[in-house]
Amino acid sequence: MNEALLVTAEISQASAATPVLSVVVPTFNERENVRKLYGKLQVALKGIAWEVVYVDDNSPDTTWEVVRELAQQDGRVRCIRRIGRRGLSGACIEGILASCAPYVAVMDADLQHDETQLPKMLSLLQSGAAELVIGSRYIEGGSADSFNKHRASASALATEVAKRALGVEVADPMSGFFMIRRDRFEQLAPKLSTQGFKILLDVIATARGELKTVEVPYTFGSRLHGESKLDSMVALDFLGLVLAKLTNDVVSLRFLLFAMVGGTGLFVHLGTLFIGLNVLDLPFAEAQGLGAFIAMTTNFILNNFLTYRDQRLKGFAILGGLFAFYLVCSVGLFANVGVAFSVYDQEPIWWLAGAAGALMGVVWNYAMSGLFVWRKR
Ligand code: GDD
Ligand code: MN
């Protein structure tokens, strides 16, 4: 055989094992579930060339160790271990982009999603009947009985808001279980938010009705081991995503959170000023300085907790971050006053000048905090 033929033969041999379906599974503290899901995938996907990519955010329970062990036994299993980052959406995006099959599914590790739907979802994509297939709890035949009352009504409310605000026409845009054509996903990927939980909603909203979508019903099961990582912060994430999409991504989710935190800072400032003047009997300048100081501090804490929780500063880094934040905000104050002055100079309308200054301040603080306080590592 000549060399060219040999190469072709090798390639065709290799392509027999090339996956048609990549399953991306985000994990955080899912040690007990990884092997179980793998076993279920093996059964459900018999006869299909598949791979599974677990994306683990450096789980304290060392989930990634279990995945590595599996990967050594089965080449179809891969592990992405992310350090210094958190977030479901970001993990899914990274997993999808690190895989190669023409079709990609996203599903949870805790066996709440029904893997036996995968072949059906795949054939819908392969036949061209759909570009996106959603595992839906809210169409005929699907259910989310494992939800408690509180969670069920929260989920229903969020779904309604998403539908109305963003014009989404899907029954279950909050589902964490879906399959999509790779080429379509790669087109959308640069516009998706890596923050938050709602990757599917983001995909749908970003595609603006351009994705041929089909929903298949499934029953949202009970979590097998471990606990849910969704907390009350998820509601804020959700609102931020809706607002970001409403403004056509001009305003990012993070900026919105940062500005909201800034808004709370105003109240803290005024409250402290009041106490400084009336309770502590401080002269005005000192009370005002104290107000600013306390407000900067609470803003920092809230931003570290909320706005930048995916890259939260911990331990000693908190102290360094806090001082950097004081510095950034102090310079921001000059920018604020400077802009307000020059606007007032041209157009002596106090509220317009004040608002322009405040906007300048928050934009400055946001941009500089991203560079110097919560730097991407
Ligand atoms: N890598 C990574 N990083 N994975 C995460 C993170 C994270 O920060 N947070 C959660 N996960 C993983 C979990 O390990 C699990 O495999 C999956 O993401 C879903 O997380 P759960 O904590 O089990 O979420 P849930 O069951 O409350 O919510 C699920 O159902 C919702 C529908 O009501 C998720 O699928 C949501 O996306 C979905 O909206
Ligand atoms: Mn779950």
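The values are calculated or read from the model by the stated rules, or taken from the named source; none is laboratory data. Given the structure is predicted, the values throughout are model-derived calculations rather than measurements. Every residue, glycine as well, gets a Cβ built from its backbone with ideal geometry; the counts of neighbours run over all protein chains shown. These accessible areas exclude ligands, DNA and RNA; they are computed on the full protein's heavy atoms, side chains included. Shrake-Rupley method; radii C 1.70, N 1.55, O 1.52, S 1.80 Å.
How much length, in nm to one decimal, is gained on full extension between residue 351 and residue 157, taken as 0.36 nm per residue of separation minus their Cα-Cα distance?
66.2 nm
Could you order peptides 278-289, 307-318 by the average number of other Cβ atoms within 10 Å of their residues, highest first?
The packing order, highest mean first, is 307-318, 278-289.
If R0 is 45 Å, what FRET efficiency do you get for residue 62 and residue 293 from their C-beta distance, rounded to 0.05?
The value I calculate is 0.60.
Pull out the extension gain between residue 223 and residue 246, defined as 0.36 nm times the separation in residues minus the alpha carbon to alpha carbon distance; nm, one decimal.
Extending this stretch completely gives an extra 4.9 nm.
Please give the calculated 222 nm ellipticity per residue for the chain, where each DSSP H segment of at least 4 residues contributes -39500 (n - 2.57) and the sum is spread over every residue; nearest 500 deg cm²/dmol?
Value at 222 nm, helices only, nearest 500: -18000 deg cm²/dmol.
What's the tally of Lys pairs in the stretch 8-246 whose alpha-carbon atoms lie under 24 angstrom apart, where the two lysines are 8 or more places apart or on different chains?
Close lysine pairs found across the stretch 8-246: 21.
Solvent-accessible area per residue for the chain at a 1.4 Å probe radius, Å²?
I get 51 Å² per residue for this part.
Cβ neighbours within 10 Å, averaged per peptide: list 21-27, 249-255 in order, most packed at the top.
Those peptides, ordered most packed to least, come out 21-27, 249-255.
Hey, what do the phi angles of the stretch 85-100 turn into as Karplus ³J(HN,Hα) couplings, whole Hz, using 6.51/-1.76/1.60 and θ = phi - 60°, x for Gly and Pro?
9, 9, x, 5, 4, x, 5, 5, 4, 4, x, 5, 5, 8, 9, 9
Let's test the formula: R0 of 25 Å, r as the Cβ-Cβ distance of residue 186 and residue 74. What FRET efficiency results, to the nearest 0.05?
0.45
In what order, largest first, do 163, 36 sit by accessible area if the probe radius is 1.4 Å?
36, 163
Identify which of 142, 47, 95 has the largest mean-square fluctuation in a Gaussian network model of the chain, with springs joining Cα atoms closer than 10 Å.
47
Using 7 Å Cα-to-Cβ label points, what is the residue 98/residue 358 separation (nm, one decimal)?
Going by the 7 Å Cα→Cβ label model, 4.3 nm.
Probe radius 1.4 Å, ligands and nucleic acids ignored: give me the carbon and sulfur share of the accessible area of the chain as a rounded percent.
63
Of the listed peptides 54-65, 266-277, what is their order by residue-averaged count of other C-beta atoms within 10 Å, with the highest listed first?
Packing order, densest peptide first, comes out as 54-65, 266-277.
Rounded to the nearest 5, what % of DSSP beta bridges with both residues in the chain are antiparallel?
That works out to approximately 25 percent antiparallel.
With r defined as the distance between the Cβ atoms of residue 146 and residue 36 and R0 fixed at 30 Å, what FRET efficiency is calculated, to the nearest 0.05?
0.95
Could you give the length gained on full extension between residue 120 and residue 264, defined as 0.36 nm per residue of separation minus the Cα-Cα distance, in nm?
Full extension from residue 120 to residue 264 adds 47.0 nm.
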